[in-house]
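See below for the structure under consideration.
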Protein chains: 2
Amino acid sequence: MKKFLFPALFLVSGAPALADEGQWQPYQLPQLKAELKKVGITIPAEKLADLSKHPMSAIVSTGGCSASFVSPDGLIVTNHHCAYDAIQRNSSAKKNYIVDGFLAKTRDQELPAGASARVYITDKVDNVSKEVGEGVTATMSGRERRERIQSNIKKIIADCEQDKAYRCSVPSFHRGLEYYRIRQMMIRDVRLVYAPADMIGNYGGDIDNFEWPRHTGDFSFIRAYVGKDGRPADPSPDNVPYRSKDFLVVSAEGLKNGDPILLAGYPGRTSRYKLPAEIRFARDTDYPIRAAEMLADIATIEAAAKGNPDDEVRYASVVKGINNRLKKTQGLIAGFARKDIAAIKDQQDAQFRLWLSGKDAKQAQTLLSQLDAVIAQDMALSQEEFAYSVATNSDLFSSARTLYRLALEKEKPNAQREGGYQERDLAFIKGRLTRLEQSFVSKVDQARLTEGLARYAKLPAHPAGLDALLPTADAIAAMFSKTQLHNTAQRLAWMEKDRAAFAQSDDAFIRWAVQLHDVGMSLENRRKEIDGNLDFIIPQYMQAVIDWKKSQGKPVYPDANSTLRVTFGNVGAYSPRNGVTKGPFTTVEGIVEKHTGLDPFIAPAPLLQAIKEQRFGVFKDPILGTVPVDFLSSADTTGGNSGSAVMNKRGELIGLNFDSTYESITNDWYFDTAITRAIHVDIRYMLWVMKEVDHADNVLKEMTIKYPR
Amino acid sequence: MKKFLFPALFLVSGAPALADEGQWQPYQLPQLKAELKKVGITIPAEKLADLSKHPMSAIVSTGGCSASFVSPDGLIVTNHHCAYDAIQRNSSAKKNYIVDGFLAKTRDQELPAGASARVYITDKVDNVSKEVGEGVTATMSGRERRERIQSNIKKIIADCEQDKAYRCSVPSFHRGLEYYRIRQMMIRDVRLVYAPADMIGNYGGDIDNFEWPRHTGDFSFIRAYVGKDGRPADPSPDNVPYRSKDFLVVSAEGLKNGDPILLAGYPGRTSRYKLPAEIRFARDTDYPIRAAEMLADIATIEAAAKGNPDDEVRYASVVKGINNRLKKTQGLIAGFARKDIAAIKDQQDAQFRLWLSGKDAKQAQTLLSQLDAVIAQDMALSQEEFAYSVATNSDLFSSARTLYRLALEKEKPNAQREGGYQERDLAFIKGRLTRLEQSFVSKVDQARLTEGLARYAKLPAHPAGLDALLPTADAIAAMFSKTQLHNTAQRLAWMEKDRAAFAQSDDAFIRWAVQLHDVGMSLENRRKEIDGNLDFIIPQYMQAVIDWKKSQGKPVYPDANSTLRVTFGNVGAYSPRNGVTKGPFTTVEGIVEKHTGLDPFIAPAPLLQAIKEQRFGVFKDPILGTVPVDFLSSADTTGGNSGSAVMNKRGELIGLNFDSTYESITNDWYFDTAITRAIHVDIRYMLWVMKEVDHADNVLKEMTIKYPR
């Protein structure tokens, strides 16, 4: 563990042991008793490991974000940006809840969060590695192995989802070494309870995104509703609040530099066990090429939509989404430039290979050479797949492709269909095809396709047979005039049609999707072959890595895969540069400091007034002398951890995770303890805003809050 | 006193009392015993007040910088940038001491620092307010008063300088309330002993100027030489090292966050007692107009010199000088924009006026209305003076003007001549007229005059009579062809000529200087009238301010005026923004972090090697775990404090002052305790570089160094 250079941090916090990296599966925590103790967590590891017990049974997912119950009546707290869609869909020019915030004073004022809003409560996690591996042999082709594994998984899921109240999944852990069946109760009536104004919940906007110092009150409250029988139900006025069997107690007692924290949520994806070659590929080839593509695509969209405010609005969220991925990709490129992570991994990899060879030189050589070969194939294929996506950069094509594939898959029995095209997936497909109308303009899609094809021509790796099937630039306009897919009803109608209808269609995009089918399937089958080989090699490799770490007395956590994880660490600052310390706290005075009156720094007048009058009450930190806003900790987080409960050593809610610092961005690849910091909103700021600014007394009253003595 | 928001600082340092502002005259220190004690200084105030006693008798000036003796043989330590001229003048393409650094291994290898290099040792400071005020009455005109004061001062200086070993001055304190006669031994044989490489002494260059984090080893050693009789003498090989009666002991024992520090040196100029109207004038009118002028002048010079490397070199230091003033002016403009200092002063001023009116309403009204009126005249005249300087933006004109004035002044007895034109000043004038050849190109000077005249035309306040005497743009080329002043010998020859020779000359610039004389004198006389009125009003005002502060139990320090001052404070970080802490230390690892291999971040290879090998020895800080480079303190400094000794509580040398942070730039106008920080180089870095990088063992041996036990 690298140490801080600055004495202040040591002395103040009593030289806290910053936690090493780790997004732990809850069941692993009893192996980490010593680390939990060192950090200062007093809640027993066995209790934390039990998903049916407090506090883990209070932790939920909203599908892309993490959240937690904070009352026995299904009240859930998560990030403002996680509830943004719910706030936006209820807003209009007249009642702009984004700008003004929203507060339901009574339950009947709570607003529907939308048809696709969900709350997932993980209730069972079982190791099904054996079932997933059933019938899988070493001599199978990669594709056979892949299809067998997928078929086994589909069966496990189908069995699990017999009870319609549940959604099941079988994600792989340790890159295929283990598989767990995750059963989650899926609540589908979700309502908006309270959200502060955007200029509290998103103060600093895109400018402050990924940055510290931060002054964002990124929190909102939603509520889970179920049928009168207590089981998940479609949205209905007859539904009642879900009686959550567990919820987090809120502690307004505060925390200080060095204090231990626990964080539970659903981190999305990390790549901590990639090989040095994979890091170099990402750094030197994949990320730069993808960043260039995103930049070009944004430029195309903006040029095509320019001058038409309606078109601009339609693509605003598309551009925002690409921009967000772009900023992350650019941050990763910059992060790789700052720190030679590949070199660090080289060293670790060399040590590992040495250790493995020491055990059985011949076996090691076989494994490692197979591994390197498949990884090389994987990287090469990914460039062809990327080129295919650039050549077909059109929402109409994507829709047509999905629809044609659906028609073909529907010819098979449900259980044998490709994942994503089974009966359980139809509602998702329909939703996606329907929502397209909100973010589609023919002219813009035409520009994206035209420009994408031009860029594709310059890419090095073209999939075999694709070039001959691509339209010339001057043929594209005609394609857009010979399609009905831009019409939502027509688009949806194709969900019911069969292979013959597609073959006979003269819709230009349907025809193109049919023509490109074989090329697409060829890529998909090569992908299965490679993935199937990876499924064979990588688990052996990961098992060896785990054995190696075990020989050093270190447990190994699997890469994040959107499943429930626990991480722990300490409140702490960091040094982005020699001579500069950032964090660990910001305070309400910093809101005033940033307030320029220009978006995104327009603090609401009542907030500024409350700060000016120092109406801090019990939320005033005794050391800071004011109300803290955000703070940093050394917890190990990534995308998907948004909204995660940040708890004190006793498991009481003290904040919400919502971001990481810019310097943490390469943390998906390599966790650098010295500079990686997660950004949390302090519960005291949340409670203070609720009390002094938004007067959300009913919400405050519903929670169980421990105030400082 | 505002407090830091960050708990770390309090707890670590045992909640140090950061010193309030104050550049104290040494005699004032016994009034500040409580403050010295609070900060932690153990050296008795009475001892610090006595310039003939240690440590103050070890503190010297080099004319623009501060310095101190560090051995009994006249060895002096100051900043690298203060010795830069000496390093440069001894450098050539073959022996580039700027790039490589310089070390005299023996005394006979020490190099002459240049004919104008000086060391001033303050030995007597006497209050001569009474003598300066002799014959001054309330009924005199301003000009009469000004001339009487100046005449009295000239007499005091002449008496004082009977002994040619001394240079005397009679600066005003508290804007004319008091005058002190400062007698300084002036040593004029100064030699370069040791300077590290520029990429240590000026690491970070202009990019890091005014900035933190800083990693500059801004130190060098020079030596004072005197005649064999121990008295100052012209440079000669026969001279011997000056036997300094006092010197500072060097402490390598280190210091830490919160530790007390003492700083002694010669701060140049501050404006802490200006009225709100003066601040607004500087902020809204004077600084913006001067910044625009400097920017334009730099552009003119660069355009005119472009393409001719020789011309560029000649103007490099001129441009650097303007740039430095420009950066400071821009920093002040930005600082005023960040913090409404005028509003703070308004409040203080209102309190003061209330207090004063409470004592004697009528008298207060008279004083304050007179004050406001004269200040208004002062500001208005300064704009005409500025316009005059823009209209005559030519080195040839400045030379001609000086020469003509000299001829006129020489008609008077020495004692009655205008200050700056007395016998004692002739060597300075000659030096300036001679040095011009190093930084003059006719073509560039012509461009500056031409463009200056064009800019002058657009300024609002034109001095009466000036416009008619200015050349038209197309007449300027002819002026430059009809002058010999660009020839140094010719220029110097004019020092001997009389009024008649000037009147008869057909040299274009001599003629122009003669023509403009009356306009210039008119400005000068109006200046004297206003200054003489200020000399009458301001002391009354300052006396009232002092009484007001006294009524609150606060002593008052005078604005800086290049005289010896003491300031004290604590090692400490600061918060430039909510959630960010800067300092208090940087370390050698930061040098590596900044090293890009591109100027100004090219750390010398031996330095990088020593860091890599962690050859830190006794210079390793026990808390930081490495060698500190620079550190911050709350001491009150300004330009002129460069090279000032930074001492620990016992008066031992622990560092050198060399800069302030960017946030401190408005500190010349208003000292903001929360964010003002001076930047010092840590003695441990200096000693470590001398030992491990430059092997300056002889210099180390000559000093008395206390190493950590």
- line: Each residue of A:625-636 has, on average, a number of other protein chain C-beta atoms within 10 Å of its C-beta equal to 1
- request: State the answer as a single residue: which of B:Thr42, A:Asn308, A:Gly532 lies farthest towards the positive end of the charge dipole of the protein assembly as shown, with beta carbon charges of +1 for Lys and Arg and -1 for Asp and Glu, about the Cα centre.
  value: B:Thr42
query: Tell me, Kirkwood radius of the protein assembly as shown from alpha-carbon pair distances, in Å?
result: 37.1
task: Give me the distance between the Cα centres of the stretch A:361-397 and the stretch B:284-317, rounded to whole Å.
output: 58
field: Neighbour net charge for A:Ser642 - beta-carbon separation under 10 angstrom, K R +1, D E -1
entry: -2
field: Label-to-label distance, nm, for residues given as B:Asp599 and A:Thr139 (7 Å Cα→Cβ offset)
entry: 7.2
- line: Taking 0.36 nm per residue of separation between A:Asn414 and A:Arg577 and subtracting their Cα-Cα distance, the length gained on full extension comes to 53.0 nm
statement: Length gained, A:Asp73-A:Lys554, 0.36 nm per residue minus C-alpha separation, equals 169.1 nm
statement: One computes Rg over Rh for the stretch A:550-593 from alpha-carbon atoms, with the Kirkwood Rh, and obtains 1.18
- line: Here the correct list, in nm and shortest first, of distances from B:Gln377 to the same site in the other copies, label points 7 Å along Cα→Cβ, is 9.6
task: Please get the size of the charge dipole for the stretch A:288-336, origin at its Cα centre, with Cβ charges of +1 on Lys and Arg and -1 on Asp and Glu, quoted in debye to the nearest 20.
output: 280
query: Mind checking the mean number of beta-carbon atoms from other chains within 10 Å of the Cβ atoms in B:568-581?
result: 5
- request: Shortest first and in nm with one decimal, please list how far the B:Ala361 label point sits from its counterparts in the other copies (point 7 Å along Cα→Cβ).
  value: 10.6
- prompt: Which listed residue (B:Tyr404, B:Gly452, B:Leu436) has the Cα farthest towards the positive end of the charge dipole for the stretch B:403-526, taking +1 on Lys and Arg C-beta and -1 on Asp and Glu C-beta about the Cα centre?
  reply: B:Leu436
field: With eigenvalues of the C-alpha gyration tensor scaled by 5 and rooted, chain B, Å
entry: 40, 33, 26
Label-point separation, A:Glu613 to A:Asn698 (7 Å along Cα→Cβ), nm: 2.4
query: If you take every DSSP beta bridge whose two residues both sit in chain B, what share of them, in percent to the nearest 5, is antiparallel?
result: 95
statement: Charge dipole of the protein assembly as shown built from unit charges on the beta carbon (Lys, Arg +1; Asp, Glu -1), centred at mean Cα; most positive-end Cα among B:Gln365, A:Ser92, A:Gly617 is A:Gly617
query: Pairs B:Lys53/B:Lys549; B:Lys124/B:Lys274; A:Lys274/A:Lys320; A:Lys53/A:Lys256; B:Lys154/B:Lys274; A:Lys256/B:Lys582: which exceed 22 Å Cα-Cα?
result: B:Lys53/B:Lys549; B:Lys124/B:Lys274; A:Lys274/A:Lys320; A:Lys53/A:Lys256; B:Lys154/B:Lys274
message: Place a point 7 Å from Cα of B:Ile207 in the direction of its Cβ. Which residues in the stretch B:575-603 have their backbone N less than 17 Å from it?
response: B:589-603
field: Per-pair calculated FRET efficiency, R0 = 22 Å: A:Ser52 and A:Gln31 via Cβ, rounded to 0.05
entry: 0.65
- prompt: How would you order A:426-436, A:279-289 from highest to lowest mean count of nearby Cβ atoms within 10 Å?
  reply: A:279-289, A:426-436
- prompt: For B:Val226, which sequence-distant residues (separation of 5 or more, or a different chain) have an amide H within less than 5 Å of its own amide H, given hydrogens modelled in the peptide plane?
  reply: B:Val240, B:Tyr242
field: Reference-scaled alpha-carbon Rg (2.2 N^0.38 Å with N residues) for the stretch B:518-650
entry: 1.69
task: Give the distance, in whole Å, between the Cα centre of the stretch B:43-73 and the Cα centre of the stretch A:494-545.
output: 83
- line: With only helices counted (DSSP H, runs n ≥ 4, each -39500 (n - 2.57)), the per-residue ellipticity at 222 nm for chain B, to the nearest 500, works out to -13000 deg cm²/dmol
message: So if I restrict to the alpha-carbon atoms in the stretch B:214-295, what is the Rg, and what is Dmax, the biggest pairwise distance, in Å?
response: 22.2, 56
- prompt: When we measure straight from the Cα of B:Lys105, which lysines land under 30 angstrom away, once same-chain ones fewer than 8 places off are left out?
  reply: B:Lys94, B:Lys95, B:Lys228, B:Lys245, B:Lys612, B:Lys620, B:Lys691, B:Lys701, B:Lys706
- prompt: If the cut-off is a Cα-Cα distance under 17 Å, which aspartates and glutamates reach B:Lys306, setting aside same-chain residues fewer than 8 apart in sequence?
  reply: B:Asp297, B:Asp445, B:Glu451
statement: the stretch B:210-250 and the stretch A:102-171 have their Cα centres apart by a whole-number Å value of 79
- prompt: How do A:Ser236, B:Ser634, B:Ser129 line up, fewest other C-beta atoms within 10 Å first?
  reply: A:Ser236, B:Ser129, B:Ser634
field: Residue list for the stretch A:659-695, given a label point 7 angstrom along the Cα-to-Cβ vector of A:Gln330 and an amide N cut-off under 15 Å
entry: A:662-663
query: Can you pull the three principal axis extents for the Cα set of the stretch A:388-452, in Å, largest first?
result: 39, 25, 14
query: So which trypsin sites (Lys or Arg not before Pro) in the stretch A:456-531 pass both tests, a DSSP loop state and at most 15 other Cβ atoms within 10 Å of the Cβ?
result: A:Lys482
- prompt: Per residue of A:251-259, what is the mean number of Cβ atoms on other protein chains within 10 angstrom of that residue's Cβ?
  reply: 1
query: Taking the mean number of other Cβ atoms within 10 Å as a proxy for protection, how do you rank B:73-86, B:219-232 from highest to lowest?
result: B:73-86, B:219-232
query: If the chain between A:Ser481 and A:Lys306 were fully stretched, how many nm would it gain, using 0.36 nm times the residue separation less the Cα-Cα distance?
result: 60.8 nm
Label-to-label distance, nm, for residues given as A:Ser92 and B:Lys124 (7 Å Cα→Cβ offset): 9.2
query: Among B:49-60, A:39-50, what's the highest-first ranking by average C-beta atoms within 10 angstrom per residue?
result: B:49-60, A:39-50
message: Compute the orientation-averaged projected area for the stretch B:47-198 from the convex hull of its Cα atoms and round it to one decimal in nm².
response: 11.8
task: With r as the distance between the Cβ atoms of B:Ser439 and B:Leu295 and R0 = 25 Å, compute the FRET efficiency 1/(1 + (r/R0)^6) and round to 0.05.
output: 0.80
message: Just to confirm the numbers: B:Ala475, label point 7 angstrom along the Cα-Cβ line, distances to the other copies in nm, shortest first?
response: 7.9
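No value in this document is a laboratory result; all are computed from the given coordinates. Worth saying up front: this structure is predicted, and the values here are computed from it rather than measured. Ideal geometry is used to build each Cβ from the backbone, glycine not excepted, and the neighbour counts take in all protein chains shown.
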